Amino acid sequence: MYRTNTCGELTESNVNETVTLSGWVQGVRDMGFVIWVDLRDRYGITQLVFDEQRSSPELMEQARKLGREFVIQTTGKVIERTSKNPNIPTGNIELLVENLSILNSSLTPPFTIEDETDGGEELRMKYRYLDIRRNPVKDKLIFRSKVAQLVRNYLSNEGFIEVETPVLIKSTPEGARDFVVPSRMNPGQFYALPQSPQTFKQLLMVGGLDKYFQIVKCFRDEDLRADRQPEFTQIDCEMSFVEQEDVIQTFEGLTKHLLKKLKNIEFEQFPRMSYEEAMRKYGNDKPDIRFGMQFIELNDELKNSGFKIFDEAELVVGINAEGCASYTRKQIDALTDWVKRPQIGASGMVYVRYNEDGTIKSSVDKFYSEEQLRKVIEKAKSQPGDLILILSGNADKVRPQLSALRMEVAEKQGLRNPEVFAPLWVVDFPLLEWNEEEKRFAAMHHPFTSPKPEDIPLLEKEPGKVRANAYDLVLNGNEIGGGSVRIFDKELQSKMFSLLGFSPEDAEAQFGFLMNAFKFGAPPHAGLAFGFDRLVALLGGQEVIRDYIAFPKNNSGRDVMIDAPSPIHQQQLDELEIALSPKK
Ligand code: ASP
């Protein structure tokens with residue numbers, strides 16, 4: 001038997017017991033006459049003690065051979081410590097070692113395996129298995145497992161059936177590129193890895209399963225943005241004979257359950273907002289509503305007063321930053337530079353400072369009377385001590401710019417508290433999105449999303465105005481889930497495909513199986529998927545998903561530990577009948 005106990009559980013109540021522990025040597029402190037060893041396993045750390053008076057010379061010698069991360073098994077007596085460590089659960093006891101065997105030695109680890117480590121990101125990724133020994137990483141994986149269990153239990157209790165869908169499939173468009181897998185048995189043909197199990201879960205509804213879920217890997221070959229993973233996990237769900245409201249209720253229930261169990265926070269009803277309102281008030285379809293700073297449209301107050309930049313702008317719009325009148329000129333200049341960076345792209349920023357003493361100072365005093373500026377302050381409901389920041393330009397461009405500025409100011413003001421949770425449903429998304437480059441409409445959610453019945457007549461003439469029965473669940477400014485009511489009528493689905501620019505032949509080749517299934521009595525159905533990695537990270541109080549993934553890829557989509565992607569042997573290429581084009 002390797003162990004009778006773990007390294008995290010012995011306390012004063014075990015004093016005088018003889019126990020056996022196994023684990024890794026976290027550190028050795030050799031004081032000559034006494035040697036202390038910290039023994040670590042997943043459950044904690046127990047201090048081992050060897051001393052000249054009570055331990056044999058052979059045992060002392062053996063202890064001196066131990067190095068960091070050696071794997072050992074030890075038997076000894078639990079004794080009370082003279083100097084206690086209140087910071088760990090086992091801090092009142094230590095183990096007086098009677099027997100020691102080294103199960104495995106270890107090279108010196110490339111970074112310290114402690115809560116605070118000296119290892120840089122890249123190094124820790126390369127030795128991820130060592131990083132996982134550290135509490136901050138290990139605890140996040142344990143947390144992830146716990147969230148997965150809660151989700152499984154909750155949905156199973158609600159009557160959902162967990163079904164695995166295939167990984168080698170045909171393309172399912174979710175707006176990204178597919179990862180493809182060549183087929184050896186069918187040279188020149190390829191599988192695609194699922195961007196989501198979308199079509200399969202719809203087929204499960206045609207199959208009558210009624211309620212489906214799966215915690216499932218999805219793959220999207222996107223240009224990597226910060227903190228995106230090419231493979232990620234979704235909680236994927238689908239239900240039959242439901243409307244939007246049923247889906248919202250069900251998954252609001254799940255989210256409430258998680259927030260209650262994991263954070264002990266209770267919610268009444270989650271607020272809801274239309275896409276249109278979210279864009280108008282926050283410039284963003286996933287607004288962070290932990291704080292206010294809603295947009296204030298200032299066309300009436302600030303246009304047509306001779307300030308050319310505003311006069312020519314379609315939209316003049318600002319935010320009221322509470323208590324920020326104390327920002328120095330330098331701080332404001334820094335914010336101006338920040339919004340002018342190419343990533344944000346604003347042409348400039350105007351401020352109106354409402355000083356504590358009631359006076360007003362703005363960067364456009366030359367163009368506006370005090371009375372005009374007072375009107376701005378009134379509209380913004382500013383209080384003395386506030387600062388109004390204003391951008392202008394094309395509505396489509398300026399709203400996202402101001403949204404970014406709003407988040408930046410919130411960050412600076414400490415308003416993005418990870419322990420505060422603000423869920424929000426965003427509903428009534430547009431069905432289609434104009435793709436300027438390709439000069440055609442694309443599905444905003446995916447091609448299987450149903451238009452709102454009352455908007456169907458607009459499909460022919462004003463497709464851009466059609467709203468969808470689509471909904472997103474937003475948490476603290478992150479989209480954590482999204483879904484829609486599906487089209488279940490073959491004719492309407494065909495029409496959608498043609499609106500999206502598929503020829504009937506292409507639609508048939510790519511989605512014939514679904515259209516065919518719809519001929520055999522498809523029930524009304526709807527669903528959604530949560531981004532599991534992000535959900536777990538947010539519930540864990542973090543925004544970086546990478547730490548919650550056991551073996552993540554780096555920012556360039558590489559696994560630096562196993563070194564993938566990597567070339568394959570010529571023989572494999574030959575079998576697949578793939579010829580690589582010569583290097584450019
Ligand atoms: N398949 C969608 C997604 O991956 C979710 C859904 O519509 O259920 O975002």
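The values are calculated or read from the model by the stated rules, or taken from the named source; none is laboratory data. All values derive from a computational prediction rather than experimental measurement. A quick note on method: Cβ atoms are made from the backbone with ideal geometry, for glycine too, and the neighbour counts reach across all protein chains shown.
Does residue 255 satisfy the condition of being more than 14 Å from the ligand (Cβ to nearest atom) and assigned to a helix (DSSP H, G or I)? Spelling it out, residue 255 is indeed more than 14 Å from the ligand (Cβ to nearest atom) and assigned to a helix (DSSP H, G or I). Cβ-Cβ distances below 6 Å connect the following pairs, each with a first residue in the stretch 450-470 that is among the aliphatic types (A, V, I, L, M), a second residue that is surrounded by fewer than 16 Cβ atoms within 10 Å (Cβ to Cβ), and a separation of six or more residues or different chains: 458/465. Beta carbons closer than 6 Å, at least 6 apart along the sequence or on distinct chains, pair a first residue in the stretch 141-167 that is within 18 Å of residue 533 (Cα to Cα) with a second that is among the small types (Gly, Ala, Ser) for 141/550; 143/540.
In the stretch 30-70, the residue that is surrounded by the most Cβ atoms within 10 Å (Cβ to Cβ) out of those that are over 36 Å from the mean Cα position of the chain (by Cα) and basic (Lys, Arg) is 54.
If we scan the stretch 326-341, do we find a residue that is outside any helix (DSSP H, G or I) and touching a Ser or Thr at 6+ places or on another chain (Cβ under 9 Å)? No, there is no match, as no residue in the stretch 326-341 is outside any helix (DSSP H, G or I) and touching a Ser or Thr at 6+ places or on another chain (Cβ under 9 Å). Inside the stretch 8-26, can you point out the residues that are within 38 Å of the chain's Cα centre (by Cα) and either under 15 Å from residue 91 (Cβ atoms) or acidic (Asp, Glu) (or both)? Those that are within 38 Å of the chain's Cα centre (by Cα) and either under 15 Å from residue 91 (Cβ atoms) or acidic (Asp, Glu) (or both): 8, 9, 10, 26.
Does residue 178 satisfy being crowded, with 18+ Cβ neighbours inside 10 Å, within 15 Å of the ligand (Cβ to nearest atom) and of a type in the set (Asp, Glu)? The answer is yes for residue 178.
Okay, residues lined up against (1) at pLDDT 95 or above; (2) among the acidic types (Asp, Glu):
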residue: 177; (1), (2): no, no
residue: 187; (1), (2): no, no
residue: 205; (1), (2): yes, no
residue: 215; (1), (2): yes, no
residue: 242; (1), (2): yes, no
residue: 248; (1), (2): yes, no
residue: 252; (1), (2): yes, yes
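Looking at the stretch 513-528, can you tell me whether even one residue there is surrounded by 15 or more Cβ atoms within 10 Å (Cβ to Cβ) and closer than 23 Å to residue 231 by Cβ? Scanning the stretch 513-528 turns up at least one residue that is surrounded by 15 or more Cβ atoms within 10 Å (Cβ to Cβ) and closer than 23 Å to residue 231 by Cβ. Restricting the search to helices (runs of 4 or more DSSP H) fully inside the stretch 94-159 and requiring at least 1 residues that are basic (Lys, Arg), modelled with pLDDT of 95 or more and loosely packed, with under 15 Cβ neighbours inside 10 Å gives 135-157. Screening residue 246 with (1) within 15 Å of the ligand (Cβ to nearest atom); (2) surrounded by 15 or more Cβ atoms within 10 Å (Cβ to Cβ); (3) farther than 17 Å from residue 534 by Cβ gives one miss only, at (2). Inside the stretch 354-376, residues that are out of contact with any strand residue (DSSP E or B) (no Cβ under 8 Å at 6 or more places or on another chain) and under 13 Å from residue 301 (Cβ atoms) make up a count of 5. Among the residues making up the stretch 211-229, a single one is part of a loop (DSSP other than H, G, I, E, B) and within 11 Å of the ligand (Cβ to nearest atom): 220. Report yes if residue 301 is under 25 Å from the mean Cα position of the chain (by Cα), charged (D, E, K, R) and not in a loop (DSSP other than H, G, I, E, B), otherwise no. Here the answer is no, as residue 301 does not meet what is asked. Residues that are within 32 Å of the chain's Cα centre (by Cα) and either hydrophobic (A, V, I, L, M, F, W, C) or farther than 30 Å from residue 534 by Cβ (or both) within the stretch 482-492 comprise 485, 487, 488, listed in sequence order.
As for the stretch 201-210, it holds no residue that is within 20 Å of the chain's Cα centre (by Cα), within 12 Å of the ligand (Cβ to nearest atom) and buried (at least 21 other Cβ atoms within 10 Å of the Cβ). Of all the listed residues (501, 512, 527), the sole one being within 16 Å of the ligand (Cβ to nearest atom), under 30 Å from residue 428 (Cα atoms) and either assigned to a helix (DSSP H, G or I) or not hydrophobic (A, V, I, L, M, F, W, C) (or both) is 527.
Of the residues making up the stretch 437-486, just one is in a helix (DSSP H, G or I) and either within 14 Å of the ligand (Cβ to nearest atom) or among the small types (Gly, Ala, Ser) (or both), namely 464.
Selection of the stretch 383-435 for residues being touching a strand residue (DSSP E or B) at 6+ places or on another chain (Cβ under 9 Å), closer than 29 Å to residue 469 by Cα and among the small types (Gly, Ala, Ser) yields 395, 422. Contact map, the stretch 260-275: residues that are at pLDDT below 95 paired with residues that are not in a helix (DSSP H, G or I), Cβ distance under 8 Å, separation 6+ or inter-chain. No pairs are found. Scanning the stretch 408-436 for residues that are farther than 21 Å from residue 198 by Cα, in contact (Cβ under 8 Å) with a residue 60 or more places away in the chain and in a loop (DSSP other than H, G, I, E, B) turns up 413, 415, 416, 417, 418, 419, 420, 421, 422.
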